[in-house]
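Chemist: Quick one: the structure is below, and I'll ask about it shortly.
Just so it is clear, none of the values below were taken in a lab; they were calculated from the coordinates. Bear in mind that the values here come from a model prediction, so they are computed numbers and not experimental data. Neighbour counts run over all protein chains shown; Cβ positions are idealised from the backbone, glycine included.
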2 protein chains.
Amino acid sequence: MHFRLNPTSGVPIYLQLMEQIKHAVETGALHSGDQLPGIRTLAGTLVMNPHTVAKAYRELQHEGLIEVRHGSGAFVAGGYSSTNDSLRIRKAQGILKSTVERLISLGMAEDEMRRLFEYELLQLRENTTIRTGK
Amino acid sequence: MHFRLNPTSGVPIYLQLMEQIKHAVETGALHSGDQLPGIRTLAGTLVMNPHTVAKAYRELQHEGLIEVRHGSGAFVAGGYSSTNDSLRIRKAQGILKSTVERLISLGMAEDEMRRLFEYELLQLRENTTIRTGK
DNA sequence: CTTACTGTGCCACTTCACTAGTACAGTAAG
DNA sequence: CTTACTGTACTAGTGAAGTGGCACAGTAAG
């Protein structure tokens, strides 16, 4: 359970924390019922304000990913890490790993990769959501 | 020359604009010497404040990607879109396009793809920057 | 010079992410 | 009950992003 946040990326820290927790759940690093670190504990190790962690937990609870019980702590909700999913994720990880390696061999910088990837996602989104053909 | 910005993503708009312009230059949609739209013009079509566009241009100038001449306008700087680069970019685009398609066939959502991709980039960064092996 | 474009600078204001300290409330174990 | 943990609520402040309006300055063409 170690997170890596980038305070200078422009993305709000609480959103980054949420993403990392989601990632941990998706990849199986966290399972249903597992207890998340306490708000103050996490804030201490990540060198940030407890309120920021609390906000991340609150948002994740609204999304249904975790369950926050007042005096007890925060726990990963049920019905997320089916074995079927974890296999799917592992496949995807393999694909992306080799993809990134190929891009590196092309001499691509991290920023360039990210821009091209986001561009592909944009194309995808437009092809699936645009229905008003003028 | 059309940009797509997402005001609700948490990423500052001026940063998104910068990324899109960089992308346009890298992919060859903009070439060295090309004039960028005027600050007021762009702000009008993108429905945002001229100051936001100005900030993006200013930052891009600091990075050396564009050249801003006071009474004339903003122009793409030289020495960026060599034909060698555009071929490299096209290869990378092909790779990423097929990668995204494979991820979609796995049933991955856009958020999941982005998280896994960012994770791979993180792995990469750590493997190349960590030198203090204790 | 005049006009119409370009970018730049200044000021006020709103919103939001984040920090900081403090206090309150639920839970579980001694 | 007491203690020590959990999350929650409140207030106040800082800083950055973005909006809005206005004035200024450089450039190029008539």
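Chemist: Between the label point of A:R90 and that of the same position in each other copy, find the distances and list them shortest first in nm, with every label point placed 7 Å from Cα along the Cα-to-C-beta direction.
Modeler: So the distances to the same position in the other copies read 3.9 nm.
Chemist: Also, quick follow-up: Between B:E59 and B:Q123, what is 0.36 nm times their sequence separation minus the Cα-Cα distance? Round to one decimal in nm.
Modeler: Values: separation 64, 0.36 × 64 = 23.04 nm, distance 2.84 nm.
Result: 20.2 nm gained on full extension.
Chemist: Using the Cα centre as the reference, give the magnitude of the dipole from point charges on the C-beta atoms of chain A (Lys, Arg: +1; Asp, Glu: -1; all else neutral), rounded to the nearest 20 debye. Numbers along the way, then the final one.
Modeler: Numbers: 16 positive and 14 negative charges, 31 e Å.
In debye, rounded to 20, chain A gives about 140.
Chemist: Then there's this: Using the count of nearby Cβ atoms within 10 Å as a rough guide to exposure, how do A:H23, A:H62, A:H31 rank from fewest to most? Intermediate results must be reported in sequence, preceding the final value.
Modeler: Numbers: A:H23 21, A:H62 9, A:H31 13.
Lowest to highest Cβ neighbour count: A:H62, A:H31, A:H23.
Chemist: Further, regarding this structure: Who wins for biggest fluctuation among A:I21, A:I104, A:I66 in a Gaussian network model of chain A, springs between alpha carbons below 10 Å?
Modeler: In this elastic network of chain A, the residue with the biggest mean-square fluctuation among A:I21, A:I104, A:I66 is A:I104.
Chemist: Distances in nm, one decimal, shortest first, from A:F75 to the same residue in every other copy, taking the label point 7 angstrom along Cα→Cβ.
Modeler: Result, one decimal in nm: 6.6.
Chemist: For region B:1-52, rounded, prolate or oblate, judged on the Cα gyration tensor with a ≥ b ≥ c (square roots of eigenvalues), a/c < 1.5 rounded, else prolate if a/b > b/c? Provide the component values of the computation, followed by the final result.
Modeler: On the way: a/c = 2.33, a/b = 1.32, b/c = 1.77.
Oblate.
Chemist: Same structure, new question: Fewest Cβ neighbours within 10 Å first, please rank B:H51, A:H70 accordingly.
Modeler: Working: B:H51 11, A:H70 5.
The most exposed by this proxy come first: A:H70, B:H51.
Chemist: Take the rotation relating chain B to chain A, measure from its axis to every Cβ in chain B, and name the nearest residue with the distance in whole Å.
Modeler: With distances in whole Å, chain B gives B:T99, 2.
Chemist: Further question on the same structure: For a test of the definition: using alpha carbon positions, the gyration tensor, and the 1.5 limit on a/c, classify region B:27-97 as rounded, prolate or oblate. Spell out each step's value before the answer.
Modeler: Details: a/c = 2.61, a/b = 1.68, b/c = 1.55.
Taking the square roots of the gyration eigenvalues as a ≥ b ≥ c, region B:27-97 is prolate.
Chemist: Which helices of chain A meet both criteria: a Cα extent of 15 Å or more along the helical axis and a mean Kyte-Doolittle score no lower than -0.5, with helices taken as whole DSSP H segments?
Modeler: On the way: long enough: A:13-27 (21 Å, 0.09); A:50-62 (18 Å, -1.06); A:83-105 (34 Å, -0.37); A:110-129 (28 Å, -1.22).
Membrane-span-like by this criterion, though nothing is claimed about a membrane: A:13-27, A:83-105.
Chemist: Show that you can apply the helix-only estimate: for chain B, add -39,500 (n - 2.57) for every DSSP H stretch of four or more residues, divide by all residues, and state [θ] at 222 nm to the nearest 500. Intermediate results must be reported in sequence, preceding the final value.
Modeler: Numbers: 5 runs with 78 residues, N = 134.
Computed mean residue ellipticity for chain B: -19000 deg cm²/dmol.
Chemist: Let me test this: with uniform point scatterers at the alpha carbons of the protein assembly as shown, what is the Debye-based log₁₀ I(q)/I(0) at q = 0.09 1/Å?
Modeler: -0.51
Chemist: Could I ask something else about it? Using unit Cβ charges (K, R positive; D, E negative) and no other charged atoms, how large, in debye to the nearest 20, is the dipole of region A:25-102 about its Cα centre?
Modeler: Values: 9 positive and 7 negative charges, 36 e Å.
Result for region A:25-102 is approximately 180 debye, rounded to the nearest 20.
Chemist: If R₀ is 25 angstrom, what is the calculated FRET efficiency for the pair B:D111 and A:S105, using the beta carbon separation as r and rounding to 0.05?
Modeler: Values: r = 28 Å, r/R0 = 1.11.
Rounded to the nearest 0.05, the efficiency is 0.35.
Chemist: Right, something else. Each residue of region A:43-49 in order: what ³J(HN,Hα) in whole Hz does its phi give by Karplus 6.51 cos²θ - 1.76 cosθ + 1.60, θ = phi - 60°, with x for Gly and Pro?
Modeler: So the Karplus estimates, Gly and Pro as x, are 4, x, 5, 8, 6, 8, 7 Hz.
Chemist: Here's something else I'd like to know. With chain B treated as a Gaussian network of Cα nodes joined by springs under 10 Å, which of B:Y14, B:Y57, B:Y119 yields the largest mean-square fluctuation?
Modeler: Greatest mean-square fluctuation among the candidates belongs to B:Y119.
Chemist: Here's something else I'd like to know. Find the percent of Cα-Cα distances in chain B that exceed 27 Å, and round it to a whole number. List each step's numbers first, then the result.
Modeler: Numbers: 3242 of 8911 pairs.
Percent of Cα pairs beyond 27 Å in chain B: 36.
Chemist: Can you find, among B:L60, B:L96, B:L36, the residue sitting farthest towards the positive end of the charge dipole of region B:26-104, where Lys and Arg contribute +1 and Asp and Glu -1 at Cβ?
Modeler: Projecting each Cα onto the dipole axis, the largest value belongs to B:L96.
Chemist: Another one. So which residue, out of B:G78, B:G94, B:G33, gets the largest mean-square fluctuation from a GNM of chain B using Cα contacts under 10 Å as springs?
Modeler: Comparing B:G78, B:G94, B:G33 in a Gaussian network model of chain B, the most mobile one is B:G94.
Chemist: Taking a label point 7 Å out from Cα toward Cβ, give me the nm distances from A:E126 to the same spot in the other copies, shortest first, one decimal.
Modeler: Copy-to-copy label distances for A:E126: 3.6 nm.
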